[in-house]
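Structure first, then comments.
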Amino acid sequence: MKYKSLIWIGIGYIVLKWSIIIGVAGYLYESGIWSNWYILFVPLIGLVLFGFVKKVFLKKAHFLGYRKSFYKILKYYYPQHYKSLYNQTEKKFEEISKDVSFAATSKNPMDKRLDFCAFFLGLIQVLEKNGESYPQIKAIAIGIAEDYVRPKNRIQAYVKKLPVKLIGTVPGRFLVGKLNKRIQTKGHEDGFRAHIVTDEKETFGLGYGINISECGICKLFLKHGASQYSPILCEVDKITTRLAGLEMIRTGTIAKGADICDFRYRKI
């Protein structure tokens, strides 16, 4: 759905651009005031139209990512005032996002998920302010996560299971080694730090597991006085693991007081 939208926006831009150029050129020619010098204005017209299309695209793209799932699930739970709740969440996110702005350029790829988590935190604060219970907030959060990560077609479903197929292969081991170096590096004091475990005896024969020693989500939620809600985000890991064709075995999480989050997996 996302890529189809991008394609149609691109086609629309091209059609609109040349329709205007040909239309204006035709009018000038028929009026007898055409000059070949007007060709110099074609790039200018293109830039103006590009600016217009870009503005429309950004507005539409706002709902192409995880925000679309937030909007959809809020509408399901609160059909009467979901727009108000969503707008309140956006405002909260604008405040919280300042604390995770480093994620976009962090050298640690795990930090990239903090933008998503900050939006979750914004929603949690809004729902809590509106008097919702913990179980209700958890149900809504899990619903959003499931909708967002659920494959929309067979290709996406296959891609989610592809990393498991690569584990143990030469390219797979190479990529795991590269990833391990990156996630061991702390990109920011408020971010993640982890390392990959490859010993088959420690990983149920899979040869892949992760120990998270510093959790950016827990740091973010703690900073905003919402530590009691951080375990909800831990539930999302179970969803993504299942979609990858794995069963997750985890004995503890930092969100619940453990020193590390020990992710171990077993093929279903």
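The values are calculated or read from the model by the stated rules, or taken from the named source; none is laboratory data. Just so it is clear, the model here is predicted, and its values are computed rather than measured. Here the Cβ is made from the backbone with ideal geometry for all residues, glycine too, and neighbour counts use every protein chain on show. Quick note on the areas: whole protein, heavy atoms, side chains included, nothing else; ligands and nucleic acids left out. Shrake-Rupley method; radii C 1.70, N 1.55, O 1.52, S 1.80 Å.
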Percent of Cα-Cα distances greater than 21 Å, calculated over region 138-267: 47
Region 143-262, accessible area per residue, ligands and nucleic acids excluded (1.4 Å, Å²): 56
Kirkwood estimate for region 164-238, i.e. one over the average of 1/r between Cα atoms, Å: 13.9
30 Å Cα-Cα threshold exceeded, pairs from Lys178/Lys238; Lys92/Lys186; Lys112/Lys223; Lys83/Lys107: Lys83/Lys107
Whichever aspartates and glutamates have a C-alpha closer than 15 Å to that of Lys129, once near sequence neighbours (fewer than 8 apart) are set aside: Glu90
Rh by Kirkwood over Cα pairs, then Stokes-Einstein D for region 66-198 at 1.306 mPa s and 10 °C, µm²/s: 94
Region 145-228: relative contact order as a whole-number percent, Cα under 8 Å and 6+ apart: 19
Ordering of 178-186, 201-209, 142-150 by burial proxy (mean other Cβ atoms within 10 Å per residue, highest first): 142-150, 201-209, 178-186
